[in-house]
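The values are calculated or read from the model by the stated rules, or taken from the named source; none is laboratory data. Worth saying up front: this structure is predicted, and the values here are computed from it rather than measured. For neighbour counting, all protein chains shown are included, and Cβ atoms are generated from backbone atoms with ideal geometry for every residue, glycine included. Ligands, DNA and RNA are stripped out before the accessible areas are found, and what is left, the full protein with its side chains, is counted by its heavy atoms. Shrake-Rupley method; radii C 1.70, N 1.55, O 1.52, S 1.80 Å.
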Amino acid sequence: MIQKKKNKTGLFVTMVAVAAFLALTIVLENTLDPIRNTILFTVLKKGAVYALVACSMNLLNGFTGLFSLGQAGFMLLGAYTYSTLTIPMDAKDMVYYLYGGTVFRFSLPDLLGGVDTPLGLIGGVLLALVCAGIVAALVAWLIGLPVLRLKSDYLAIATLGFAEIIRAVFQWDKLGRVTNGANALKSYPTFSSFNLKDAAGNVTLRLSTFVAVLLAAICIALILLLINSSYGRAFKAIREDEVAAEAMGINLAKHKRLSFCISSFFAGVGGGLFAMYANQAQAKVFTTAMTYEILLIVVIGGIGSISGSCIASFLYVAASEWWLRFLDSEMYIGSFKVPLLRNGFRMVVFSVVIMVVVLFFRRGIMGDKELPDLFRRRPKAEKKGGKAHG
């Protein structure tokens, strides 16, 4: 009884912390100067997007035990699906001017009343994000049929190859009327489109950062619900021992494919959110390096911890985009020039910091625990047993 009460207390405190963080984003965005504090809001938006993608990768790598490196490819599919479905009709010819227009002669926000109406903006964006996830999941289902038969490193190489192939295909000029070739897709609704304006066009309430964090939080909550369901327990059983899981009646092929498709769905949604954050969608951005960034975040946060992935995402983005940026510019103390400070030195120091973190936190920041676990007390018998064993 006491243990259940502790569990509910931990969950309640976590929910309050998330709600407080959402409220804080609104307060910060509407009290701080958006121009002077651009980097802060950039970190919050990009951190939220990376948190979602990292959680989707953790679902597959950490909870199911399938080592996949195709996250950037599914993000690309999601980004392009979102952008092509939300570019307004009056902007399509301008965006696809090199190819004489596009085959997508409709826009979801326009069908619902236009981006100037709440229904058109909110409904169109949400519907496009869902479509982005569905497209990524369908492609994952197709490539999962042969790929998921592979094990460990072979699966990683196959999914990495898929990501590279899809990036090259989307830059093919023959598909220009669909993907705009190697050119960027623009003019679609972004996070800034959710800022409220008066009749004169002046911003009265900024919600761009809040919307980014809110959408990511909703998707991560859905991932958590899945992990704590019977399907999530089946995924964990497969991770621990495939032979034992199959002996208990778990269909390995079905659950592996399900995990792969769900992970890809949320990676596709994350790709759509990334397109909203970057204000453009371009295939050359979704490189292998992006997948490695996401994998690094998962490792730093803790393989098998959704909370760890979220915390590590914001720390990673803040360190790489903000805290260490001063290392890329020359600095003088009086007439003395500080050595080593030059363009690119930031990444050298950042790499060293990551190595130190991995060495001293081998299981990551959170290990395999979640935030509610921090409020749970171990039974006395377990504590005594641990001491006696030590």
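Go ahead and run the numbers for FRET between GLU164 and ASP368, Cβ-Cβ distance against an R0 of 30 Å, rounding to 0.05.
Working: r = 31 Å, r/R0 = 1.04.
E(calc), rounded to 0.05, equals 0.45.
FRET efficiency for ILE218 and VAL103, Cβ-Cβ distance as r, R0 = 25 Å, nearest 0.05? Working shown, then result.
Working: r = 31 Å, r/R0 = 1.26.
Using R0 = 25 Å, I get an efficiency of 0.20.
Just to confirm, what accessible area per residue do you get for region 77-122 at 1.4 Å probe, in whole Å²? The partial results should precede the final answer.
Values: 2140 Å² over 46 residues.
Accessible area per residue: 47 Å².
If you add up the charges near PHE274, with Lys and Arg at +1 and Asp and Glu at -1, over every other residue whose beta carbon is less than 13 angstrom from its beta carbon, what do you get? Write out the running numbers ahead of the final one.
Numbers: positive: LYS45, LYS46; negative: GLU293.
So the surrounding residues net to +1.
With a cut-off of 20 Å, note down the residues of region 130-161 whose backbone N falls inside the zone around a label point 7 Å from the Cα of VAL243 toward its beta carbon.
It comes to 149-153, nothing else.
Amide H of LEU205: which non-local residues (sequence gap of 5 or more, or other chain) have their own amide H closer than 5 Å, using H built in the peptide plane?
LEU196
Per the helix-only calculation at 222 nm, which mean residue ellipticity applies to the chain, given -39500 (n - 2.57) for every DSSP H run of n ≥ 4 and division by its residues, nearest 500 deg cm²/dmol?
-20500 deg cm²/dmol
Over region 222-275, what lengths in whole Å, largest first, do the semi-axes of the equivalent ellipsoid take, defined as the square roots of 5 times the eigenvalues of the alpha-carbon gyration tensor? The partial results should precede the final answer.
Values: eigenvalues 130, 25, 11 Å².
Equivalent-ellipsoid dimensions as semi-axes: 25, 11, 7 Å.
Set the bar at 19 Å for Cα to Cα. Now go through LYS45/LYS369; LYS236/LYS256; LYS256/LYS369; LYS151/LYS254 and name every pair that lies beyond it.
Working: LYS45/LYS369 25 Å; LYS236/LYS256 11 Å; LYS256/LYS369 23 Å; LYS151/LYS254 16 Å.
Cα-Cα > 19 Å for LYS45/LYS369; LYS256/LYS369; rest within.
Please report the net charge: other residues with Cβ closer than 15 Å to the Cβ of PRO189, K and R +1, D and E -1. Could you put the intermediate results ahead of the total?
Working: positive: LYS45, LYS92, LYS186, LYS197; negative: ASP90, ASP110, ASP116.
In short, +1.
Compute the accessible area per residue over region 243-353, keeping the other protein chains in place, probe 1.4 Å, unit Å². Intermediate values should be presented prior to the final figure.
Values: 5030 Å² over 111 residues.
Using a 1.4 Å probe on heavy atoms only, each residue of region 243-353 averages 45 Å².
Quick one, could you list the DSSP H helices from the chain stretching 30 Å or more along their long axis (Cα atoms) with average Kyte-Doolittle hydropathy of 0.0 or above?
Working: long enough: 2-31 (43 Å, 0.76); 38-61 (34 Å, 1.25); 124-147 (34 Å, 2.52); 252-278 (38 Å, 0.82).
Passing helices, by number: 2-31, 38-61, 124-147, 252-278.
Quick check for you: which residues of region 206-242 have the amide N under 16 Å from the point 7 Å beyond the Cα of ALA19 toward its beta carbon?
214, 218
Between (i) 5, 20, 29, 26, 14, 5, 1, 0; (ii) 5, 24, 33, 24, 11, 3, 0; (iii) 5, 20, 28, 22, 13, 6, 3, 2, 1, 0, 0, which entry matches P(r) over Cα pairs in 10 Å bins from 0, in percent as derived from the coordinates of this structure?
Checking each listed value against the structure points to (i).
Quickly work out the LEU196-to-THR31 label distance, labels modelled 7 Å from Cα along the C-beta direction, and quote it in nm with one decimal.
With each label placed 7 Å out from Cα toward Cβ, I get 1.8 nm.
Give the calculated FRET efficiency between TYR154 and LEU359 to the nearest 0.05, with a Förster radius of 30 Å applied to their Cβ-Cβ distance.
Numbers: r = 28 Å, r/R0 = 0.95.
For R0 = 30 Å, the calculated efficiency reads 0.60.
Can you pull the one-decimal nm distance between simple spin-label points at VAL349 and TYR231, each 7 Å off the Cα toward Cβ?
4.5 nm
Please turn the phi angles of region 104-119 into ³J(HN,Hα) values with the Karplus equation 6.51 cos²θ - 1.76 cosθ + 1.60 (θ = phi - 60°), one per residue in order, whole Hz, x for glycine and proline.
Here the 3J(HN,Hα) series is 8, 8, 7, 9, 4, x, 5, 5, 9, x, x, 5, 7, 10, x, 5 Hz.
So, with a 1.4 angstrom probe, what is the percent of accessible area on the chain that is carbon and sulfur? Show your work: numbers first, answer last.
Details: 13300 of 20010 Å².
Answer for the chain is 66 percent, counting heavy atoms of protein chains only.
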